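Asker: Okay, handing you the structure first.
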Amino acid sequence: MAARIAVRHNSIYRVPRAGINIGDGTWGGHQIVDNDVFDTVLETGDHGAFNSWGRDRYWDPDRAEMNRRVVSDPALIGLDAVEPTTLRHNRFRCDHGWDIDLDDGSSNYLIEDNLMLAGGLKLREGFGRIARNNIIVNNTLHPHVWFAHSEDVFEHNIVMTGYQPILIDHWGKSIDYNLFPTRASLERAVSKGTDAHSIAGNPQFLAAVDGNFAVAPDSPATLIGFKNFSMDDFGVTSPGLKLRAEHPSMPDPVVAEPSGHEAVPRELLGMTVKSVETQGEQSATGLASMEGALVLAVAPNSAAGRAGLVQGDVILRILDDQYGQSDSIYTVADLVAAYQGRRWRGEIEFEIWRNQMRSAVKVIFR
């Protein structure tokens, strides 16, 4: 249990679990600012580059009983995280979990101006989390089992896949004014009662290959109130340490190609895939419409190869998983985005088109 700890300008990498962890939600008031945290969770799973736990005073194996406890004694919410903990202007990358993992009732957090490069943002249970003006590259918000009246806020963020909710009946105080990658992902969010003022489009990062994820002046992100933040001052600052410090590898942002542009093949799970975009490809595969991700090649010993995917298959859909989530695949960007949002699960089931028939293929990539 601690209060008002400042963690600033650290470079943290190659660690078995989290780079920064708050192991108890009592008191709060911490400042986690200007850090560079990557190559994390190398020996376990279900964790993050930044990880936290709350006291989770309402916990019970029966979810209905948890909800009853919240209603009957809401005063417990304020007993532990008395002051807000701030995560501001950090760069996180976790390829084996979440970039930011607020677990087990972590409450009273302000999360703003963070660059998340791989694992996305997970908010489980808890109350009073405000996430705004963050960039979530090739991933999204993962809301898990939120309570009614959680008062959570998610606004003015750039996400690059559709949300990945688990057992969500209540969507907090405000989920709105965000930038989605595709119209389909935005429409799915709106259908859940969120994001009435959000829009879809290419964020137009200035130089992602060099780590500059600031958006161009005419980016649609500016229309939802997103504000650029500095991209060159994460991590250590002293000259000697800056010479020694390593940096995370930069992801290739996966965005839908504008109309009239040739789709770029992508590597995923040992496959080379591209969007179905020509009448010739539609005819050769026997598809009824021009949609899906066409498999161009499969490495034999890859996850996709072991699952039996072959050249010429077309991936049309991510099938319902244990959480009842599914996604249609219109382009290769949809496919990569759907995979990125589910990486932590270790497996994914595709509906594919082969020999003018639909079938299912489960790919395990743990």
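The values are calculated or read from the model by the stated rules, or taken from the named source; none is laboratory data. This structure is a prediction, so every number in the text was calculated from the model and none was measured. Heads up, the Cβs are rebuilt from the backbone with ideal geometry, glycines too, and the neighbour counts pull from every protein chain shown.
Asker: Between residues in the range 115-131 that are more than 23 Å from Val336 (Cβ to Cβ) and free of Cβ contacts under 8 Å to residues at least 12 places away in the same chain and residues that are among the acidic types (Asp, Glu) and not in a loop (DSSP other than H, G, I, E, B), which pairs lie under 9 Å by C-beta distance while being six or more apart or on different chains?
Answerer: Filtered contacts from the range 115-131: no entries.
Asker: Please indicate, with yes or no, whether at least one residue in the range 48-59 is over 16 Å from Phe127 (Cβ atoms) and either outside the structural domain of His96 (by TED's automatic domain parsing) or free of Cβ contacts under 8 Å to residues at least 12 places away in the same chain (or both). Show your work before the answer.
Answerer: First pass over the range 48-59, keeping only residues over 16 Å from Phe127 (Cβ atoms): 48-51.
If we keep only those that are either outside the structural domain of His96 (by TED's automatic domain parsing) or free of Cβ contacts under 8 Å to residues at least 12 places away in the same chain (or both) too, we end up with none.
Taking every residue of the range 48-59 in turn, none turns out to be over 16 Å from Phe127 (Cβ atoms) and either outside the structural domain of His96 (by TED's automatic domain parsing) or free of Cβ contacts under 8 Å to residues at least 12 places away in the same chain (or both).
Asker: Right, here's the next one. Within the range 212-248, how many residues turn out to be closer than 25 Å to Ser11 by Cα and touching a residue at least 60 places away in the same chain (Cβ under 8 Å)?
Answerer: If we filter the range 212-248 for residues that are closer than 25 Å to Ser11 by Cα, which is where we start, we get 212-215, 227-248.
So of that shortlist, the ones also touching a residue at least 60 places away in the same chain (Cβ under 8 Å) come out as 213, 227, 229-231, 233-237, 241, 245-248.
The number of residues fulfilling the criteria is 15.
Asker: If you don't mind, there's one more thing I want to ask. Do we find a residue being within 27 Å of Gly201 (Cβ to Cβ) and in a loop (DSSP other than H, G, I, E, B) anywhere in the range 291-301?
Answerer: Yes, the range 291-301 contains at least one residue that is within 27 Å of Gly201 (Cβ to Cβ) and in a loop (DSSP other than H, G, I, E, B).
Yes/no per residue for (1) at positive phi; (2) surrounded by 18 or more Cβ atoms within 10 Å (Cβ to Cβ); (3) touching an Asp or Glu at 6+ places or on another chain (Cβ under 8 Å):
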{"position": "His30", "(1), (2), (3)": "no, yes, no"}
{"position": "Phe38", "(1), (2), (3)": "no, yes, no"}
{"position": "Gly45", "(1), (2), (3)": "no, no, no"}
{"position": "Ala49", "(1), (2), (3)": "no, yes, yes"}
{"position": "Gly54", "(1), (2), (3)": "no, yes, yes"}
{"position": "Trp59", "(1), (2), (3)": "no, no, yes"}
{"position": "Arg63", "(1), (2), (3)": "no, no, no"}
{"position": "Val71", "(1), (2), (3)": "no, no, no"}
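Asker: Filter the range 142-170 for residues that are at pLDDT 90 or above, under 29 Å from Phe205 (Cα atoms) and hydroxyl-bearing (Ser, Thr, Tyr) and give the result.
Answerer: The one that is at pLDDT 90 or above, under 29 Å from Phe205 (Cα atoms) and hydroxyl-bearing (Ser, Thr, Tyr): Tyr163.
Asker: What single numbered condition from (1) modelled with pLDDT of 95 or more; (2) in the same structural domain as Arg93 (by TED's automatic domain parsing) fails to hold for Asp218?
Answerer: Condition not satisfied by Asp218: (2).
Asker: Pull up the range 171-199, narrow it to residues that are modelled with pLDDT under 95 and surrounded by fewer than 22 Cβ atoms within 10 Å (Cβ to Cβ), then point me to the one that is nearest to Val254 (Cα to Cα).
Answerer: Selected residue: Thr182.
Asker: Where in the range 30-71 are there strands (runs of 3 or more DSSP E), lying fully within it, with 3 or more residues that are touching a Cys at 6+ places or on another chain (Cβ under 9 Å) and under 14 Å from Met116 (Cα atoms)?
Answerer: Counting at least 3 such residues, we get 48-53.
Asker: Moving on to the next point. Being surrounded by fewer than 20 Cβ atoms within 10 Å (Cβ to Cβ), under 21 Å from Arg124 (Cβ atoms), of a type outside the set (D, E, K, R) and touching a residue at least 60 places away in the same chain (Cβ under 8 Å) is the requirement here; does Gly23 meet it?
Answerer: No: the conditions fail for Gly23.
Asker: Can you name every residue in the range 56-87 that is at pLDDT 90 or above and basic (Lys, Arg)?
Answerer: Passing the criteria: Arg57, Arg68, Arg69.
Asker: From the list Gly97, Gly54, which residue is in contact with a helix residue (DSSP H, G or I) (Cβ under 8 Å, 6 or more places away or on another chain) and under 25 Å from Val153 (Cβ atoms)?
Answerer: None of the others qualify; the one that does is Gly97.
Asker: Let me ask something additional. Residues of the range 310-366 being assigned to a loop (DSSP other than H, G, I, E, B) and of a type in the set (S, T, N, Q), which ones?
Answerer: Gln311, Gln322, Gln325, Ser326, Thr331, Asn355, Gln356
Asker: Here's a follow-up. Determine the pairs where a residue that is in contact (Cβ under 8 Å) with a residue 12 or more places away in the chain and under 20 Å from Asn301 (Cβ atoms), located within the range 345-366, has a partner that is assigned to a loop (DSSP other than H, G, I, E, B) and aromatic (Phe, Trp, Tyr) with Cβ atoms under 8 Å apart, the partner being 6 or more residues away or on another chain.
Answerer: Gly346/Phe365; Glu347/Phe365; Ile348/Phe365
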